[in-house]
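Participant: Provided herewith is a single structure, encoded as structure tokens, for subsequent inquiry.
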Amino acid sequence: MRFSFFLSEAFGSMRRNWVMAMAAVITVFISTAILGAVLVTRDNLNQGATSLKNRVMIEVFIKDSATPQQTQALERKIQGMNDIKSYKYISKDEALRRFRERFGERIVANLPINPLPASYEIQVKDADRVDSVAQQFFDNPVVDNDPGTHNGVKYAKETVRKMLGTISLIEKGMWVTTGIFAAAAVLLISTTVRLSIFARRREVEIMRLVGATNWFIRWPFVLEGFITGLVGAMLAAAFVWVGNWGIANWIQSSQIDFLSLRVFRMWWQGGSWPLGLMPTLTILGALLGAVGSLVALRRYLKT
Amino acid sequence: MIVFEDVIKVYDPDVVGLQDFTCHIGKGEFVFLVGPSGSGKSTLIKLVLKELVPNSGRILVAGRNLGTLRKSRVPLLRRNIGCVFQDFKLLPNKTVHDNVAYALEVVGEPRRSIRRKVPEILSLVGLAEKTDSYPHEISGGEQQRVSVARAFVNHPPLLLADEPTGNIDPETAVGIMQLLVRINRTGTTVVIATHDRDMVNRMRRRVLQLEAGRLVRDERRGSYDQVTEEVGDAL
Ligand SMILES: Nc1ncnc2c1ncn2[C@@H]1O[C@H](COP(=O)(O)OP(=O)(O)OP(=O)(O)O)[C@@H](O)[C@H]1O
Ligand SMILES: [Mg+2]
């Protein structure tokens, strides 16, 4: 059995039934494009959420009067904590430099002294633990609290919690949407393939009567499905990629900084996708087409 | 070549296909199956191809028991049986050449030998000029000859024909029959289901007559109708 024979059978049949082939390509295109759009949005949200979570930070301000020994003791305490991913010491000078960078030279130019306190920036491993970590610094004597408050320890308490809740909700919703559209894609494709095979069931019957094995009959159909799926999914991947790229550019140029969420340009790097989202989408479409053919053929090759 | 032992085939809503059917067809024989419409001729042919499975009884083809033949071996069985149908059963999207070549592709014949064998058999059936035509572009008789070519291109030991001359004019029918005789001379067993009285009477070959699924006559050098004393007297 020759591969070239099967391939020429597949191409011949697509040329003859080009309307059906086009319909199948368009079906794959639409369903994969929707699937791709959902996945891109989900990946973007995921990355956004990750970067948000990473930015959940506790700032601990240190009294100007603290001795180096006291500061070191505080640092050792931070080092000893389990829930901490990283920390960074921001000296008074560093704080001023940042301030200057952000608000301009003019404001700080004639300051007689540096009013900004030194601080530790602490990143927690798990955004949910931010509360309990922060509380451990509340009553530390080195911390620059106003009397009767804990305002020397700063972190976004309620905001963070709400944001995280929303993100996890959106994430769940996206998974559900992905599932629904993936199922719809399989259904649509297998229906299209079934239609085209139904139109050719007499051919299949004749092939069987001449002694063709089931796989001999299947191969051209499977290749046809594979090629159809490949073309449709490649178009869809290109479409999604261009759309994603356009939106990313638009957001960047319009200076919208929605929760500092960036739209990622996905190509080879694609979040959770081993090959990148677009190649994965393409392969997925091709496999979908092939499997759709197999499933649709099953009833004609039973006995 | 073909053995039927007490074969019963009943179609779903209690319709008799074959009943208590026993017969033996030897290697290299040339046999006509005759009988009125609905008597079970096509049923018999489908049973030999294992397109149908009998309700009871035993069928042997080339020594193989079809009852114990695994599903996956059915294609192998069919490759050793050439088949000609009343409605030709040609692949509509393939040219005359490719239709015949398909039977060779199926058995994995090398390309070079396909290139040699197909034109050979097509000129044997007189269709050398129609090589690149599609089935719908040629006449019924020509289509039938294509299907004979396809059935024989593998040189199978057994050739079944279900009303091969049913749809074509008498002269062309004679041509087809001569083709089948020639094929038979190469040693291939040929079984033909037919309503063609003149043909059967002219050829005087073995005749199996069916009636409502039963074998009612098995005659060497037989004719289409049963010539009995009474009928002879009446004439
Ligand atoms: N698929 C089927 N389902 C139900 N009954 C069937 C089926 N195929 C054939 N029959 C019945 O079985 C009987 C034998 O049919 P068969 O086709 O073998 O006859 P035949 O001798 O080939 O007739 P003809 O000369 O008209 O082709 C008929 O009564 C027919 O109606
Ligand atoms: Mg019949």
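Participant: For the stretch B:146-193, which positions are more than 14 Å from every other protein chain (Cβ to nearest Cβ), within 16 Å of ligand 2 (Cβ to nearest atom) and either crowded, with 23+ Cβ neighbours inside 10 Å or at positive phi (or both)?
Facilitator: B:163, B:164, B:165, B:191, B:192, B:193
Participant: Within the stretch A:97-111, is even one residue closer than 16 Å to residue A:143 by Cα and loosely packed, with under 13 Cβ neighbours inside 10 Å?
Facilitator: no
Participant: From B:55, B:65, grab the single residue that is within 16 Å of ligand 1 (Cβ to nearest atom), farther than 23 Å from residue B:153 by Cα and surrounded by fewer than 18 Cβ atoms within 10 Å (Cβ to Cβ).
Facilitator: Sole residue among the options that is within 16 Å of ligand 1 (Cβ to nearest atom), farther than 23 Å from residue B:153 by Cα and surrounded by fewer than 18 Cβ atoms within 10 Å (Cβ to Cβ): B:55.
Participant: Consider residue A:191 carefully, then state whether it is more than 14 Å from every other protein chain (Cβ to nearest Cβ) and open to solvent by less than 20 Å² (accessible area, probe 1.4 Å).
Facilitator: Against the criterion (more than 14 Å from every other protein chain (Cβ to nearest Cβ) and open to solvent by less than 20 Å² (accessible area, probe 1.4 Å)), residue A:191 does not qualify.
Participant: Select from the stretch B:9-36 the residues that are without any contact (Cβ under 8 Å) to a residue 12 or more places away in the chain and either open to solvent by less than 30 Å² (accessible area, probe 1.4 Å) or part of a loop (DSSP other than H, G, I, E, B) (or both) and list them in ascending order.
Facilitator: Correct list: B:12, B:13, B:14.
Participant: Condition first: more than 16 Å from ligand 2 (Cβ to nearest atom), touching an Asp or Glu at 6+ places or on another chain (Cβ under 7 Å), away from chain A (no Cβ under 14 Å) and under 24 Å from residue A:302 (Cβ atoms). Can you find one or more residues in the stretch B:2-19 that meet it?
Facilitator: yes
Participant: Would you mind finding the one in A:164, A:223, A:169 that is in a helix (DSSP H, G or I), more than 14 Å from chain B (Cβ to nearest Cβ), open to solvent by 70 Å² or more (accessible area, probe 1.4 Å) and out of contact with any His (no Cβ under 6 Å at 6 or more places or on another chain)?
Facilitator: A:169
Participant: Could you list all residues from the stretch B:1-38 that are hydroxyl-bearing (Ser, Thr, Tyr) and within 15 Å of ligand 1 (Cβ to nearest atom)?
Facilitator: B:11, B:37
Participant: To continue, here is another question. Name the single residue, out of those in the stretch B:29-54 being more than 16 Å from ligand 2 (Cβ to nearest atom) and in contact with a strand residue (DSSP E or B) (Cβ under 6 Å, 6 or more places away or on another chain), that is nearest to the other protein chains (Cβ to nearest Cβ).
Facilitator: Per the stated criteria, the residue is B:54.
Participant: Being within 23 Å of residue A:2 (Cα to Cα), in contact with a Pro (Cβ under 9 Å, 6 or more places away or on another chain) and surrounded by fewer than 20 Cβ atoms within 10 Å (Cβ to Cβ) is the filter here; which residues of the stretch B:105-138 pass it?
Facilitator: B:131
Participant: From B:221, B:197, B:204, grab the single residue that is out of contact with any strand residue (DSSP E or B) (no Cβ under 6 Å at 6 or more places or on another chain), open to solvent by 50 Å² or more (accessible area, probe 1.4 Å), more than 23 Å from residue B:19 (Cβ to Cβ) and within 16 Å of ligand 1 (Cβ to nearest atom).
Facilitator: B:197
Participant: Which of the residues belonging to the stretch B:62-109 are within 13 Å of another protein chain (Cβ to nearest Cβ) and of a type in the set (Val, Ile, Thr)?
Facilitator: B:74, B:81, B:84, B:95, B:100, B:106, B:107 - these are the residues of the stretch B:62-109 that are within 13 Å of another protein chain (Cβ to nearest Cβ) and of a type in the set (Val, Ile, Thr).
Participant: Name, by its number, the condition in (1) touching a residue at least 60 places away in the same chain (Cβ under 8 Å); (2) surrounded by 16 or more Cβ atoms within 10 Å (Cβ to Cβ) that does not hold for residue A:117.
Facilitator: Of everything listed in (1) touching a residue at least 60 places away in the same chain (Cβ under 8 Å); (2) surrounded by 16 or more Cβ atoms within 10 Å (Cβ to Cβ), residue A:117 misses just condition (1).
The values are calculated or read from the model by the stated rules, or taken from the named source; none is laboratory data. Here the structure is a predicted model, which is why all the values come from computation and not from measurement. Virtual Cβ from ideal backbone geometry, glycine too; neighbours counted across all protein chains shown. For the accessible areas, the whole protein counts, side chains as well, though only heavy atoms, and no ligand, DNA or RNA atoms are used. Shrake-Rupley method; radii C 1.70, N 1.55, O 1.52, S 1.80 Å.
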